[in-house]
Every structure is written in C-alpha cells, then in structure tokens.
1. Which residues, counting only those in segment 164-187, are free of Cβ contacts under 8 Å to residues at least 24 places away in the same chain and under 17 Å from Gly204 (Cβ atoms)?
2. Do you know which of the residues in segment 211-237 that are surrounded by 13 or more Cβ atoms within 10 Å (Cβ to Cβ) and more than 8 Å from the ligand (Cβ to nearest atom) is modelled with the lowest pLDDT?
3. Give just the number: which of (1) within 15 Å of the ligand (Cβ to nearest atom); (2) under 30 Å from Phe102 (Cα atoms); (3) at pLDDT below 95 does Arg188 not satisfy?
4. If we keep just the residues of segment 167-185 that are over 20 Å from Leu130 (Cβ atoms) and crowded, with 17+ Cβ neighbours inside 10 Å, which is nearest to the ligand (Cβ to nearest atom)?
5. Does segment 120-135 contain any residue that is of a type in the set (D, E, K, R), modelled with pLDDT of 95 or more and not in a helix (DSSP H, G or I)?
6. Since Val155 meets every condition but one in (1) surrounded by fewer than 17 Cβ atoms within 10 Å (Cβ to Cβ); (2) within 16 Å of the ligand (Cβ to nearest atom), which condition does it not meet?
Amino acid sequence: MNLQKLSDVSGKAETIALYYQVLFEHLGPQNWWPARTPFEVIVGAILTQNTSWTNVERAIANLRRKRLLTPLALERVPFARLASLIRSSGYFRQKAKKLKAFVRFLRAEYSGSLARMFETPTLELREKLLAVHGVGPETADSILLYAGHKEVFVVDSYTKRIFSRHGFVPDDVPYEELRSKIEAALPRDVSRYNEFHALLVQVGKNWCRPRDPRCAECPLHPFLPRASSEKALGDVP
Ligand code: SF4
C-alpha cells in the first residue's frame, strides 16, 4: 500500500492491523514482559504504576536478592521492610499495600496458587482482579496478558496518545472503549496482543512524546491523517 493511501484510510479500525504489521517490520519482536516468572510480572505490573521501568527494575532486583519474589514470601515479609525494599519505585508505601493486598487476595481466593488463579475464566478473573486494592484496568490486563497469557489487550497512556492523534478516538476515550476497539481490529491472539502493546510503548517512548512528537522519523508517520501535523498536534497526556 502506498503512503498516500495509508493516510487516506487512517482513523479507520481496519488499519489498526496495518499499524501492527508496520511496527513489527520496523522494530521487530520486543520479547515482553521482561520478567523471570508470572509472579514477577504481577509484581512489576503493580510497581510500574506512575513510574519508569528503570525504577521498577531496582525494586525488583532488591526483592530478588532477598528471595521475596514469591507470593508466600511477600505475605510473610513485614510491611515496613517491603516498603523499604521497593522505595525506588516511588509511592512505595502505597505500592507495598497493593502488593500485600494482591497476595492476600491470592491466598483467600486461590490458596496462594497463581496456577489456580489463571484457571478462572478470563472475564470472571478480570472482575475479581479489578476488585483488589490498587489494581486498575491497565494493571489487571497486564496481569492477564503477560502473566496469564490470556487474550486481553493492554491499553496505556501511549496507546491513547497515539490513537487519539491518529483520529481513532478522542483524547479522553474511556479505557474499555479503546481496548474493545483494538481487540476487535486484531485477530484474537495472545502473541499479537503481547507484541502490539510492547511496540506501541516503543513508539510512545521514542517518537510520540506528549510535546513535540517526532512524526517525521516515526514508523507510523505514513498513517498520520493529512489534517494533522506535528505542529498541529497539541499536548496530549
Ligand atoms: S509521533 Fe507522530 S506519526 Fe508517530 S505516532 Fe505520534 S502522532 Fe503518529
């Protein structure tokens, strides 16, 4: 498809699959989630709220060094010690509470077993996760996709920014609306959802910044609606 045609169809749901294709060809596999175990994914998904991954890595390295990266170990570790070990991730007292809440939930509902938890039907488990203190839609979906290998797409601020700038959705699109739109546009496939989210994160970090997006160098530039331009794109969260 030539570049002119790409900008003509931009904003239409069927082009989302093309975004994936172009990004995968351009950036290659992202090998997400960077974790050694499903439990580590869950810990990372909670710790990464409102902070950069570099800060999370330091916190996870501390927990690993102290052999605390298991549900039982996190249940047993005193709260103050846990909070101090994850200090680098920011909001560390709140995040320690959230980690404690998750392992309490796992104990109460699934006898502490992640394998049992992930046997639960996906929608039912999603509802239960959303009821746990500190687990919002992005965290719940990261747990389902990257720890449980369930067919759920993860939306984050990068996803919203890219798709609003490209005319698919308004800036303030509700999480569930954008998630459904992307899921409907892609084949239901865990590895596709895994890669696409990771690829969009790369676009957000490298090109689609909140201010001064670097559209000219971005692999998604051919899809940018002709009505938009780098200068016309306002600050988008
Ligand atoms: S940087 Fe520009 S071309 Fe790339 S995704 Fe953002 S708005 Fe689109």
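1. Selection gives Val169, Val173, Leu178.
2. Step one: filter segment 211-237 for residues surrounded by 13 or more Cβ atoms within 10 Å (Cβ to Cβ), giving 213, 215, 218-225, 228, 230, 233, 236.
Now narrow it down to the ones that are more than 8 Å from the ligand (Cβ to nearest atom): 222, 225, 236.
Details: Pro222: 93, Pro225: 87, Val236: 59.
Within segment 211-237, the match that is modelled with the lowest pLDDT is Val236.
3. (1)
4. Here is the first cut: in segment 167-185, the residues over 20 Å from Leu130 (Cβ atoms) are 167-172, 184-185.
Subsequent filtering for residues that are crowded, with 17+ Cβ neighbours inside 10 Å retains 168-169, 185.
Values: Phe168: 11, Val169: 13, Ala185: 16 Å.
Out of the qualifying residues, it is Phe168.
5. Let us first name the residues in segment 120-135 that are of a type in the set (D, E, K, R), namely 124, 126-128.
If we keep only those that are modelled with pLDDT of 95 or more as well, we get 124, 126-128.
Those still in the list that are not in a helix (DSSP H, G or I) too: none.
No, every residue in segment 120-135 fails to be of a type in the set (D, E, K, R), modelled with pLDDT of 95 or more and not in a helix (DSSP H, G or I).
6. For Val155, the failing item is (1).
Every residue, every condition in (1) of a type in the set (Phe, Trp, Tyr); (2) more than 26 Å from Ala198 (Cα to Cα); (3) in contact (Cβ under 8 Å) with a residue 40 or more places away in the chain, yes or no:
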| site | (1), (2), (3) |
| --- | --- |
| Gly44 | no, no, no |
| Gln49 | no, no, yes |
| Arg67 | no, yes, no |
| Gly90 | no, no, yes |
| Glu124 | no, no, no |
| Leu130 | no, no, no |
| His133 | no, no, no |
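The values are calculated or read from the model by the stated rules, or taken from the named source; none is laboratory data. Bear in mind the structure is a predicted one, so any value in this text is a computation, not a measurement. Positions of Cβ are generated from backbone atoms using ideal geometry, with glycine treated the same way; all protein chains shown enter the neighbour counts.
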